[in-house]
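*Asks:* Pasting a structure below so you can have a look.
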Amino acid sequence: MKDNGVPIEGGFIVLEREKRLYMYEVVAHHLESGVHVIDSTGRTVIYNSKMREIEGMEVEDVLDKNLLDVFQFHSEEESTLLQVLHTGTPTLNVKQTYFNSNGVEITTINDTYPIHLEGEIIGAVEIARDVTTLEKMMKGYVHTRPVPPAFHRIVGSHPRIQEALSAGKKAALSTTPILICGEIGTGKEMLARSIHCDGIRKDAPFIKQDCSSMPGEDLSMILFGTGFKDGVMNEAAGGSILFDELNAMPIHVQEQLLDLMDRSSIPDVRLMATVNEDPIDAVAEGRLLKELYYRFSSASFFIPPLRNRLDDLQELVPSFLDRFNHHYARNVTGISQEVEETFRQYDWPGNVRELEHVLEGAYQLIGSHKVIGFNHLPFGFRQRIHHSPVADIHQGDSDFLHQSGSEPKPLEVFMEEAETYYIQKAMKHHQFNVTKTAKALGMSRQNLQYRIRKYGIERGGY
């Protein structure tokens with residue numbers, strides 16, 4: 001059998017589609033207009049070079065992230081991408097003013113179109129022209145910026161959370177280095193951004209550098225450039241730089257950072273760092289330089305995991321529902337008692353970020369219901385609760401094949417859920433290394449990445 005002359009046996013048609021997607025992305029990156037594509041959940045899937053230039057952002061700061069978590073709008077209605085995603089109606093030649101994550105104002109003229117597939121809206125694409133400079137000239141430009149998403153976004157009454165908030169507000173008034181400790185997904189970056197946005201450097205850049213995402217030599221060049229003159233450290237001058245997962249930074253790069261901190265010629269930048277383990281253990285086991293730890297730890301913050309503050313679910317869940325109701329134009333009022341009990345019995349290895357993703361995933365399945373029930377929760381989460389789909393099928397009471405009180409699922413839906421579950425298990429087995437997982441599953445890296453995006457599969461800590 002063929003599709004447009006391409007044999008589909010052995011998955012060839014899938015590979016051909018991957019090539020087409022790759023070619024589309026290459027074309028987009030060579031256009032003179034900005035191109036920004038989001039999927040049905042509002043997450044960025046294509047972000048071309050011109051758009052990065054217009055918005056002053058790096059691709060890793062935008063790709064796979066929710067639009068409203070990266071950019072600030074006066075109201076959601078002013079996001080032309082989200083408008084078109086929700087209405088399905090194209091908008092042409094619309095002026096939009098908004099702010100990037102560093103508080104820099106941007107004005108563009110946009111043509112925005114919905115993306116349909118088999119009668120459903122699966123995303124939206126925006127073609128943007130930069131008129132920021134012209135707009136400033138026309139109105140004699142006075143710099144304004146919205147109230148940044150600072151401490152009010154950190155929710156919880158647990159004593160350790162309140163202690164971190166109180167200490168963070170005091171730290172915002174100083175310029176000393178800070179160290180934020182906590183497991184993946186607890187909200188360390190949000191606390192760091194809040195301290196920056198509430199302090200004297202709020203109008204200057206905030207740059208986050210992931211210390212675990214690249215080899216040591218590449219990381220060294222990005223941070224310090226040549227001779228400490230043209231790296232990210234200088235780009236952040238006047239603002240703040242966050243070294244995310246400092247304990248994952250290679251030791252020789254830690255030594256370079258310590259050497260720079262000891263120099264009198266260090267750029268005027270506030271240094272922040274996070275670690276996802278006990279820093280004392282990291283020092284004892286040789287993953288963190290003792291001297292570097294001491295330099296950062298003069299102002300230390302410890303954020304407890306969600307499993308140790310389950311009472312905060314009473315505040316966290318409504319907070320996320322309010323945000324998603326606004327984002328998806330819904331009126332979900334709460335969660336069922338079964339879901340509440342499930343949440344309290346779960347150990348939340350991905351912490352608050354995992355809770356956020358679980359609730360957002362429920363919005364894709366809830367339909368017109370007002371209360372999130374157990375069957376509305378994402379399939380992967382339900383499988384983690386039940387431990388094993390095979391065991392559940394033999395028990396006869398699992399919704400893997402059949403939801404109680406409802407018709408059996410269509411085969412296509414079941415196959416998609418099974419594929420999602422299997423890819424998640426394979427990713428975890430290979431420590432979320434995409435290349436190794438793709439090889440084990442007998443597919444191309446691009447093919448696996450496509451499925452990760454399609455099914456919203458988490459790529460290593462939440």
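*Asks:* For the stretch 54-64, how many residues meet the condition of being crowded, with 17+ Cβ neighbours inside 10 Å and outside any helix (DSSP H, G or I)? Full working, then the answer.
*Replies:* At the first step, the residues of the stretch 54-64 found to be crowded, with 17+ Cβ neighbours inside 10 Å are 54-55, 57, 61-62.
From what's left, outside any helix (DSSP H, G or I): 57.
Looking only at that region, the number is 1.
*Asks:* Still on this model: Scan the stretch 163-192 residue by residue and report those that are in a helix (DSSP H, G or I), surrounded by fewer than 22 Cβ atoms within 10 Å (Cβ to Cβ) and not hydrophobic (A, V, I, L, M, F, W, C).
*Replies:* Glu163, Ser166, Lys169, Lys170, Glu189
*Asks:* State yes or no: is Arg153 more than 26 Å from His86 (Cα to Cα), at pLDDT below 90 and surrounded by 14 or more Cβ atoms within 10 Å (Cβ to Cβ)?
*Replies:* Numbers: more than 26 Å from His86 (Cα to Cα): no; at pLDDT below 90: yes; surrounded by 14 or more Cβ atoms within 10 Å (Cβ to Cβ): yes.
No: the conditions fail for Arg153.
*Asks:* Restricting attention to the stretch 65-75, does a residue exist that is charged (D, E, K, R), modelled with pLDDT of 85 or more and closer than 30 Å to Glu189 by Cα? First the steps, then the outcome.
*Replies:* Quick first cut of the stretch 65-75, residues charged (D, E, K, R) only: 65, 69.
This time we only want the ones that are modelled with pLDDT of 85 or more, so: 65.
Pick out the ones that are also closer than 30 Å to Glu189 by Cα and you get 65.
Scanning the stretch 65-75 turns up at least one residue that is charged (D, E, K, R), modelled with pLDDT of 85 or more and closer than 30 Å to Glu189 by Cα.
*Asks:* Same structure, new question: Yes or no: Asp39 in contact with a Gly (Cβ under 7 Å, 6 or more places away or on another chain), acidic (Asp, Glu) and at pLDDT 80 or above?
*Replies:* Details: in contact with a Gly (Cβ under 7 Å, 6 or more places away or on another chain): yes; acidic (Asp, Glu): yes; at pLDDT 80 or above: yes.
Yes, satisfied.
*Asks:* Related question: Can you tell me which residue within the stretch 101-130, out of those that are of a type in the set (D, E, K, R) and over 30 Å from Asp198 (Cα atoms), is surrounded by the most Cβ atoms within 10 Å (Cβ to Cβ)? If you could, list the steps in order and put the result at the bottom.
*Replies:* Start the filter on the stretch 101-130 by keeping residues that are of a type in the set (D, E, K, R), which leaves 105, 111, 118, 120, 126, 129-130.
This time we only want the ones that are over 30 Å from Asp198 (Cα atoms), so: 111, 118, 120, 126, 129.
Details: Asp111: 17, Glu118: 5, Glu120: 9, Glu126: 23, Arg129: 16.
So, considering only residues that are of a type in the set (D, E, K, R) and over 30 Å from Asp198 (Cα atoms), the one surrounded by the most Cβ atoms within 10 Å (Cβ to Cβ) is Glu126.
*Asks:* Another question about this same structure. Does Val283 meet the test of being closer than 23 Å to Gly187 by Cβ and either open to solvent by less than 20 Å² (accessible area, probe 1.4 Å) or aliphatic (A, V, I, L, M) (or both)?
*Replies:* On the way: closer than 23 Å to Gly187 by Cβ: no; either open to solvent by less than 20 Å² (accessible area, probe 1.4 Å) or aliphatic (A, V, I, L, M) (or both): yes.
So Val283 fails the test.
*Asks:* Mind checking whether some residue in the stretch 133-147 is exposed (fewer than 14 other Cβ atoms within 10 Å of the Cβ) and at pLDDT 85 or above?
*Replies:* Scanning the stretch 133-147 turns up no residue that is exposed (fewer than 14 other Cβ atoms within 10 Å of the Cβ) and at pLDDT 85 or above.
*Asks:* Here is a follow-up. Tally up the residues in the stretch 261-287 that are under 23 Å from the mean Cα position of the chain (by Cα) and either part of a helix (DSSP H, G or I) or modelled with pLDDT under 90 (or both), please.
*Replies:* Filtering the stretch 261-287 down to residues under 23 Å from the mean Cα position of the chain (by Cα) leaves 271-277.
Keeping just the survivors that are either part of a helix (DSSP H, G or I) or modelled with pLDDT under 90 (or both) gives 277.
The total comes to 1.
The values are calculated or read from the model by the stated rules, or taken from the named source; none is laboratory data. Keep in mind that this is a model prediction, so the values were computed, not measured. In this analysis, Cβ positions are derived from the backbone assuming ideal geometry, glycine residues included, and neighbour counts consider all displayed protein chains. Note: areas computed on protein heavy atoms with side chains; ligands, DNA, RNA excluded. Shrake-Rupley method; radii C 1.70, N 1.55, O 1.52, S 1.80 Å.
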